Structure formats: C-alpha cells, structure tokens
Amino acid sequence: MKTFYPEAYLSAGSKGDQIVSELRMRIISKAVAPGAVLSENKLAEEFSVSRSPIREVLKTLSHENLLRLERMGAVVIGIKEKDIKEIYDVRLMIESFTFKKLLKMDTELLIRELEKNVEMMKIALKYKDVNQFSFLDIKFHEEIVSSIHHDYIRMLWQRLKPVLECLILLSMRYRMVMDEGDFERIIENHELIIESIRNNDETMMNEAFNKNFNDVRGQVEAIWTDDSMMKIVRESIEQE
C-alpha cells in the first residue's frame with residue numbers, strides 16, 4: 001500500500017513511531033475502512049518487524065479509540081464526527097487558556113518565532129509543499145501553547161497532537177486540490193494572531209483566535225462525513 005504519512009517526516013522517529021504514524025493516517029483517511037481487520041502477522045510482514053512492536057502500535061491506536069484490540073490483531077473503528085468535534089473542543093480549551101496567560105507575559109521572543117514560522121509557511125505555499133505548510137501550521141500553534149510553560153497544558157496538547165496532526169494534514173491537502181487560494185486566508189489569520197499578541201489586546205486576541213478556529217472548523221468538517229471528499233484527498237496522496 002502507498003505510504004500515506006509524509007515519508008520525509010517518518011525517518012525522525014523509531015520504527016514503532018513510523019508504523020503508528022502510518023497506520024493512524026491510513027485509518028483517519030479511511031484508506032483502511034472502519035470494520036477492517038488488522039492482523040499482527042500481516043502488519044509485521046508488511047513493515048518488516050516482529051509482532052512485538054506491532055502489538056505496541058496497535059495498543060497505542062486503541063488508546064486513541066481508532067481501533068479495538070482483538071486476539072492476534074485489531075478491528076478498525078475509525079474516527080467519527082463526534083470524535084472530531086471533541087478534539088476541536090479540547091483544542092479550543094487549550095488555546096483559549098493559553099491566550100489568557102499570554103496577556104500577563106513578555107511575548108517579544110514568541111512573536112519573533114511566530115513571525116519566522118509564518119514566513120516559512122509562505123515559502124512552503126510558494127512551492128506548493130502542502131505537507132511542510134501543514135507541519136508549520138501545527139508548529140505555530142504548538143509554540144504558542146509551549147510559551148506559557150504550563151506542564152499539564154503541554155501534556156494535553158501532546159496527547160491531542162498525533163490525531164490533530166492527521167486531521168490538519170488531510171484537510172490542508174483537500175484545500176490544495178480544491179481551493180489553493182484559501183491558503184492566503186490561513187496565513188492572514190496567523191498574522192492576525194501575531195498582531196493581537198503584539199498589541200496585548202484581549203478583545204483582539206479573542207477575535208483573532210476565534211476567527212482562525214472557526215474558519216478551520218467550518219472549512220474541514222465536511223471532509224470527515226463525505227466519502228467523496230476524502231477520496232479526493234487519498235487520490236492526491238496516491239498520485240505523488
């Protein structure tokens with residue numbers, strides 16, 4: 001099967017990390033459909049590993065509610081609309097809390113890092129590198145969350161990140177195929193967030209964050225319920 005997780009970003013992790021990232025992406029993109037049976041033996045053969053790391057991979061994905069463990073394998077549950085709404089609820093909670101903390105902090109260093117990030121997003125867009133753009137988008141928000149040095153908020157973010165990463169990668173890819181011009185709006189939203197942090201204006205900050213969050217949620221929601229839209233995404237990956 002074609003690799004669905006961006007290969008350039010797989011090499012950084014362990015073999016187990018690589019396999020879990022790939023299987024997570026296959027499940028969320030519905031390349032492996034809900035109800036499919038995953039065999040430990042077949043996965044071990046495909047990824048050239050023993051069954052032991054495969055068991056750990058399946059255990060990780062079961063903790064993310066993407067599959068149900070069975071003897072010698074697992075059954076795919078997939079990701080449902082309710083799951084995605086709850087993921088965005090948690091993200092909203094994390095980032096809303098973070099923005100309130102930023103009002104009491106020196107944000108000069110953070111602003112510089114965010115500005116660099118946006119410039120790199122513009123370069124990625126210039127070269128139509130949707131994967132790089134997606135990872136930079138994730139990094140932008142992770143830098144904001146990390147800047148308040150709140151260990152438990154960071155733990156929540158790290159728990160959310162693997163599935164959120166797949167959602168962003170897939171939704172950005174759909175945009176690149178169907179409405180490339182929408183990326184300019186995404187960049188403008190990120191620049192508005194930076195400006196609100198620079199002005200230390202709570203009202204502006206809330207408006208900037210909610211504009212970005214509502215835009216993202218409104219744009220991508222249909223992908224997860226419309227199989228024809230997700231098929232477009234899978235085909236764009238397979239054609240690379």
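Read the figures in this text as sums done on the coordinates, not as results from a lab. No experiment lies behind these values; they were computed from the predicted model shown. Cβ placement follows ideal geometry from the backbone for every residue including glycine, while neighbour counts extend to all protein chains displayed.
A Gaussian network model of the chain, with springs between Cα atoms under 10 Å, assigns the largest mean-square fluctuation among Ser11, Ser147, Ser62 to Ser11. Need the C-alpha centroid separation for the stretch 1-61 versus the stretch 152-194, integer Å. About 23 Å separates the Cα centre of the stretch 1-61 from the one of the stretch 152-194. Would you work out if the stretch 7-76 is rounded, prolate or oblate? Take a ≥ b ≥ c from the square roots of the eigenvalues of the alpha-carbon gyration tensor; rounded if a/c is under 1.5, else prolate when a/b is larger than b/c, oblate otherwise. It comes out oblate by the Cα gyration axes. In the stretch 81-238, Cα pairs under 8 Å separated by at least six residues give a relative contact order of 30 percent. I'd like the GluC sites (Glu not before Pro) in the stretch 171-209 restricted to DSSP loop residues with at most 14 other Cβ atoms within 10 Å, sorted by number. Hits after loop and neighbour filter: Glu180.
Within the shell of other residues whose beta carbon sits under 14 angstrom from the beta carbon of Ile153, the net charge comes to +2, with Lys and Arg scored +1 and Asp and Glu -1. Among the trypsin sites (Lys or Arg not before Pro) in the stretch 1-102, those placed in a DSSP loop whose Cβ has at most 13 other Cβ atoms within 10 Å are Lys2, Arg71, Lys80. Spin-label model, Ser228 to Glu70: label points 7 Å out along the Cα-to-beta-carbon direction sit 3.2 nm apart.
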